[in-house]
Amino acid sequence: MKRAAVHSTFVIERTYPASPAKVFKAFADKEAKEKWFGGPPEWGPEQHQMDFRVGGMETSTGGPKGGPVIAFRAIYLDIVPNERLIYAYDMDIDGKRISASLATIEITPEGRGTHLKITEQGAYLDGHDDAGKREHGTRELLDKLGASLA
């Protein structure tokens, strides 16, 4: 197999009718995050661990019943409560590394709600994933985040 890394950056912005503290908590609190972060319900429960601090790690493993196992591993690089979160993460499918990324989440007050901006810089590996799929998946997760905040 020929090895390759394709690099890409995408930015997604959303506004939620919730306070910056509530939006930040949705990323920082394990129970709050489990309400929106993960695969569809038909996948069943995922294994999720979270040590939310600079240098701490988060892992999530799951996938469709009888299908591939998808693993997410992140390390928190910067945390400014209610304002910013930066983490590096990689993803595997059935033990094959598909990507390595840097995600920056910026949270700012906007009117009575919150403006959220995610910038993700990714290296998509060996044709197993691409920026379009990742951006699509991130948009779906942000829809689920919005529903959990309502």
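The values are calculated or read from the model by the stated rules, or taken from the named source; none is laboratory data. Small disclaimer: the values here were computed from a predicted structure and weren't measured. Note that we place each Cβ from the backbone using ideal geometry, even for glycine, and neighbour counts take in every protein chain shown.
For the range 1-46, a tally of residues being small (Gly, Ala, Ser) and at pLDDT 95 or above returns 7. Note on the range 36-92: residues that are outside any loop (DSSP other than H, G, I, E, B) and either surrounded by 14 or more Cβ atoms within 10 Å (Cβ to Cβ) or in contact (Cβ under 8 Å) with a residue 60 or more places away in the chain (or both) amount to 27. The set of residues from the range 40-72 being among the aliphatic types (A, V, I, L, M) and closer than 17 Å to residue 134 by Cα comprises 69, 70, 71. When residue 23 is tested against (1) of a type outside the set (Phe, Trp, Tyr); (2) in contact with a strand residue (DSSP E or B) (Cβ under 6 Å, 6 or more places away or on another chain); (3) outside any helix (DSSP H, G or I), just one condition goes unmet, and that condition is (3). Within the range 18-35, residues that are over 17 Å from residue 83 (Cα atoms) have Cβ atoms under 6 Å from residues that are of a type in the set (Ser, Thr, Tyr) in these pairs: 35/148, counting only partners at least 6 apart in sequence or on another chain. Residues being touching a Ser or Thr at 6+ places or on another chain (Cβ under 8 Å), crowded, with 18+ Cβ neighbours inside 10 Å, among the aliphatic types (A, V, I, L, M) and not in a strand (DSSP E or B) are entirely absent from the range 100-114.
When the residues of the range 1-35 are filtered to those that are loosely packed, with under 11 Cβ neighbours inside 10 Å and basic (Lys, Arg), the one that is farthest from residue 149 (Cα to Cα) is 2. Considering every residue within the range 117-126, establish whether at least one is out of contact with any strand residue (DSSP E or B) (no Cβ under 6 Å at 6 or more places or on another chain), free of Cβ contacts under 8 Å to residues at least 24 places away in the same chain and not aliphatic (A, V, I, L, M). There is no residue in the range 117-126 that is out of contact with any strand residue (DSSP E or B) (no Cβ under 6 Å at 6 or more places or on another chain), free of Cβ contacts under 8 Å to residues at least 24 places away in the same chain and not aliphatic (A, V, I, L, M).
Evaluated against (1) surrounded by 14 or more Cβ atoms within 10 Å (Cβ to Cβ); (2) at positive phi; (3) not charged (D, E, K, R), residue 95 falls short on exactly one condition, (1).
Go through the range 47-86 and give me each residue that's in contact with a helix residue (DSSP H, G or I) (Cβ under 8 Å, 6 or more places away or on another chain) and either over 28 Å from residue 20 (Cβ atoms) or at pLDDT below 95 (or both). Selection gives 48, 62, 63, 64, 65.
Would you check if there is a residue in the range 118-140 being part of a strand (DSSP E or B), surrounded by fewer than 17 Cβ atoms within 10 Å (Cβ to Cβ) and of a type outside the set (Gly, Ala, Ser)? Taking every residue of the range 118-140 in turn, at least one turns out to be part of a strand (DSSP E or B), surrounded by fewer than 17 Cβ atoms within 10 Å (Cβ to Cβ) and of a type outside the set (Gly, Ala, Ser).
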